[in-house]
Amino acid sequence: MTDQTMYVILLGPPGAGKGTQAVQTAERTGLLHLSTGDMFRENLRNGTELGSLAKTFMDKGELVPDDVTIRMLLERISREDARAGCLFDGFPRTVEQARALDEALGEQGNEITVTVLIDVSDEEITRRLGGRVSCASCGSVFHEIFNPPKAESPCCDQVNMIQRDDDKPAAIANRLQVYADQTEPLVAYYRQADKLSSVNGEQSPQAVGEDLLAALQAVSD
Ligand code: AP5
């Protein structure tokens with residue numbers, strides 16, 4: 001799409017479709033997809049201390065503390081493969097995380113190119129997260145109704161699907177509250193920095209993806 005090094009943030013409430021869009025957009029742009037939620041879940045699968053610590057917060061729908069999350073993310077973006085640009089999914093989630101990211105990129109002579117808000121109502125989010133399932137083998141994300149698992153797939157079939165612990169109703173409600181209290185202020189933060197764009201997340205995943213690419217194109221010209 002562009003030769004310019006881009007650092008793109010996908011912002012939006014839990015279940016807005018950040019992960020779905022990040023996977024597609026990373027494939028189409030070549031940007032490195034970095035999801036802090038995926039990093040914590042990988043640590044949990046690998047039985048690390050960080051994974052066990054993160055689980056105590058994730059299961060309740062709370063944020064993992066800033067110091068732990070920032071350290072993990074900054075270590076990841078210091079690696080060579082992140083120098084060609086990144087697509088951040090689920091980070092930053094607090095103003096403190098946003099400031100730490102700005103500072104770290106600044107030290108590398110880089111900056112956030114654009115933050116794209118995926119706009120979705122609370123009602124739609126509750127419907128989406130209640131039906132989200134993912135493949136126990138490869139991690140691909142589906143929805144029982146909107147994007148059902150593939151019966152013909154050797155890996156992603158119905159019986160191989162699992163539900164995330166934080167997609168239970170009580171945790172979903174808390175995640176929405178935590179988003180409103182701690183993450184939504186980032187909309188004003190990036191708007192003030194003139195780095196905010198938004199797309200309507202209540203369309204088909206393909207249509208959201210096209211709008212997202214158009215938003216990236218608009219800032220890369
Ligand atoms: P994380 O994994 O980042 O979860 P999240 O932000 O809550 O986002 P989700 O993964 O739930 O949703 P999504 O927006 O990616 O939507 P998806 O594409 O899956 O974080 C989990 C936890 O980790 C946090 O609660 C926290 O504890 C911790 N954590 C992570 N990062 C942290 C940080 N920076 N600081 C502190 N703590 C942190 O889509 C959802 C569903 O909808 C799917 O079923 C999908 O198939 C479906 N869908 C997607 N798009 C559409 C569409 N257009 N139409 C219909 N259905 C759709």
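The values are calculated or read from the model by the stated rules, or taken from the named source; none is laboratory data. Since this is a predicted model, take the numbers as computed values, not measurements. When we count neighbours, we look across all protein chains shown, and the Cβ atoms used for this are built from the backbone with ideal geometry, even at glycine.
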For residue 134, the lone unmet condition from (1) without any contact (Cβ under 8 Å) to a residue 60 or more places away in the chain; (2) over 29 Å from residue 162 (Cβ atoms) is (2)
Sole residue being more than 11 Å from the ligand (Cβ to nearest atom) and either at pLDDT 95 or above or surrounded by 14 or more Cβ atoms within 10 Å (Cβ to Cβ) (or both), chosen from 78, 52: 52
Please go through (1) within 15 Å of the ligand (Cβ to nearest atom); (2) outside any loop (DSSP other than H, G, I, E, B); (3) in contact with a helix residue (DSSP H, G or I) (Cβ under 8 Å, 6 or more places away or on another chain) for residue 174 and return the number of the only condition it doesn't satisfy. (3)
Considering only segment 169-180, how many residues are surrounded by fewer than 19 Cβ atoms within 10 Å (Cβ to Cβ) and farther than 10 Å from residue 60 by Cβ? 5
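Evaluate segment 20-31: report whether one residue or more is touching a Phe, Trp or Tyr at 6+ places or on another chain (Cβ under 6 Å), at pLDDT 95 or above and assigned to a helix (DSSP H, G or I). Don't jump to the end; show me each part of the working.
Keep residues of segment 20-31 that are touching a Phe, Trp or Tyr at 6+ places or on another chain (Cβ under 6 Å), which gives none.
No, segment 20-31 has no match at all.
For the structure I just gave you, tell me whether residue 154 is in a loop (DSSP other than H, G, I, E, B) and in contact with a strand residue (DSSP E or B) (Cβ under 6 Å, 6 or more places away or on another chain).
Working: in a loop (DSSP other than H, G, I, E, B): yes; in contact with a strand residue (DSSP E or B) (Cβ under 6 Å, 6 or more places away or on another chain): no.
Spelling it out, it is not the case that residue 154 is in a loop (DSSP other than H, G, I, E, B) and in contact with a strand residue (DSSP E or B) (Cβ under 6 Å, 6 or more places away or on another chain).
Tell me which residues, restricted to segment 104-128, are of a type in the set (D, E, K, R) and touching a helix residue (DSSP H, G or I) at 6+ places or on another chain (Cβ under 9 Å).
Quick first cut of segment 104-128, residues of a type in the set (D, E, K, R) only: 107, 111, 119, 122-124, 127-128.
Correct list: 111, 122.
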The one condition residue 194 fails out of (1) away from the ligand (no atom under 11 Å from the Cβ); (2) on the phi < 0 side of the Ramachandran plot; (3) part of a loop (DSSP other than H, G, I, E, B); (4) surrounded by fewer than 19 Cβ atoms within 10 Å (Cβ to Cβ) is (2)
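So is residue 112 exposed (fewer than 15 other Cβ atoms within 10 Å of the Cβ) and assigned to a loop (DSSP other than H, G, I, E, B) or not?
Numbers: exposed (fewer than 15 other Cβ atoms within 10 Å of the Cβ): no; assigned to a loop (DSSP other than H, G, I, E, B): yes.
Against the criterion (exposed (fewer than 15 other Cβ atoms within 10 Å of the Cβ) and assigned to a loop (DSSP other than H, G, I, E, B)), residue 112 does not qualify.
From 44, 11, 34, which residue is hydrophobic (A, V, I, L, M, F, W, C), within 11 Å of the ligand (Cβ to nearest atom) and surrounded by fewer than 19 Cβ atoms within 10 Å (Cβ to Cβ)? Reasoning before the result, please.
On the way: 11 fails: surrounded by fewer than 19 Cβ atoms within 10 Å (Cβ to Cβ); 34 fails: surrounded by fewer than 19 Cβ atoms within 10 Å (Cβ to Cβ).
Just one listed residue meets the conditions, 44.
In this structure, does residue 102 turn out to be assigned to a helix (DSSP H, G or I), without any contact (Cβ under 8 Å) to a residue 24 or more places away in the chain and closer than 25 Å to residue 218 by Cβ? Lay out the reasoning, then the answer.
Details: assigned to a helix (DSSP H, G or I): yes; without any contact (Cβ under 8 Å) to a residue 24 or more places away in the chain: yes; closer than 25 Å to residue 218 by Cβ: yes.
Against the criterion (assigned to a helix (DSSP H, G or I), without any contact (Cβ under 8 Å) to a residue 24 or more places away in the chain and closer than 25 Å to residue 218 by Cβ), residue 102 qualifies.
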Could you grab me the full set of residues in segment 56-99 that are without any contact (Cβ under 8 Å) to a residue 24 or more places away in the chain, assigned to a helix (DSSP H, G or I) and under 28 Å from residue 170 (Cα atoms)? 56, 57, 67, 68
Verdict on residue 62 being more than 11 Å from the ligand (Cβ to nearest atom), closer than 30 Å to residue 146 by Cβ and of a type outside the set (A, V, I, L, M, F, W, C): no
Residue check for residue 59: modelled with pLDDT under 95 and of a type in the set (Asp, Glu): yes
Looking at 181, 167, 157, can you tell me which residue is modelled with pLDDT of 95 or more and acidic (Asp, Glu)? 181
